1. Before we move on, is residue 3 within 30 Å of residue 95 (Cα to Cα) and at pLDDT below 80?
2. Tell me yes or no: at least one residue of the range 43-63 is in contact (Cβ under 8 Å) with a residue 40 or more places away in the chain and either closer than 30 Å to residue 3 by Cβ or not in a loop (DSSP other than H, G, I, E, B) (or both).
3. Exposed (fewer than 11 other Cβ atoms within 10 Å of the Cβ), touching a residue at least 24 places away in the same chain (Cβ under 8 Å) and assigned to a loop (DSSP other than H, G, I, E, B): which single residue out of 88, 96 fits that description?
């Protein structure tokens, strides 16, 4: 029931529209003098992702595949804050589990 209710509230707009709205809302704060940055919609939410600006900027570029991509300047501090010992795969019982929902609309033969 809860999922249905939430789904009905957000169904009047596409996922793409919600994504753009979220992107715009997260970009409203443009205080370049702030000593801290955060990712309000990240896995650990606002305060869990709070990091010093000088740990993030200027970014470092690291190779991945055929490209170099920007990463936080002190990526080790950032990843350690989020995951602890991020260089080691955690035991199976300590791994983050993502919610999976399977939708069943009946047999494919009914179409």
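The values are calculated or read from the model by the stated rules, or taken from the named source; none is laboratory data. For clarity, every value in this text was computed on a predicted model and none was experimentally measured. Note that we place each Cβ from the backbone using ideal geometry, even for glycine, and neighbour counts take in every protein chain shown.
1. When the stated conditions are applied, residue 3 passes them.
2. yes
3. After ruling out the rest, the residue left standing is 96.
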